[in-house]
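Let me begin by presenting the structure, written as structure tokens, before commenting on it.
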Amino acid sequence: QVQLVESGGGLVQAGGSLRLSCAASTRKFNEYIMGWFRQAPGKEREFVARITWTGSSTYYTDSVKGRFTISRDNVKNSVYLQMNSLKPEETAVYYCAAGGNPFSESPRDYSFWGQGTQVTVSS
């Protein structure tokens, strides 16, 4: 079992930045693909970014490319999401997740989830 705890959410003005963190409780952290997802009220959970086991490869949904950066620290068992130039439509609960498929953006391929952290972007 892997427990994930997100932090770093909050209220930010449009154009601002936030850095989300996710701490994992497993010693096998480097065996998991890590992803970030978000879910706005009334909408389905959507993929944001993922990073492979060593951090050598990352992938982003088109709408965040060039603005968001996912990274991980396998010593600290943590994954991060740096979000720049935030937009009001990106207001959502952001979740980190651990899985095993390095090519998937589907929530179904991620086995463990954090409780989420709220990000609110004001206009």
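The values are calculated or read from the model by the stated rules, or taken from the named source; none is laboratory data. Just so it is clear, the structure is predicted and the values come from calculations on it, not from any experiment. Neighbour counts run over all protein chains shown; Cβ positions are idealised from the backbone, glycine included. Ligands, DNA and RNA are excluded from the accessible area calculation, which covers all protein heavy atoms including side chains. Shrake-Rupley method; radii C 1.70, N 1.55, O 1.52, S 1.80 Å.
A few comments on the model shown:
- Qualifying residue in the stretch 98-121 (condition: at positive phi, open to solvent by less than 20 Å² (accessible area, probe 1.4 Å) and touching a residue at least 40 places away in the same chain (Cβ under 8 Å)): yes
- Any hit, the stretch 57-70, residues being at pLDDT below 95 and either within 21 Å of residue 8 (Cα to Cα) or part of a strand (DSSP E or B) (or both): no
- Here residue 72 clears all of (1) surrounded by fewer than 19 Cβ atoms within 10 Å (Cβ to Cβ); (2) more than 19 Å from residue 120 (Cα to Cα) except the condition numbered (1).
- Residue tally, condition surrounded by 13 or more Cβ atoms within 10 Å (Cβ to Cβ) and part of a loop (DSSP other than H, G, I, E, B), over the stretch 1-16: 6
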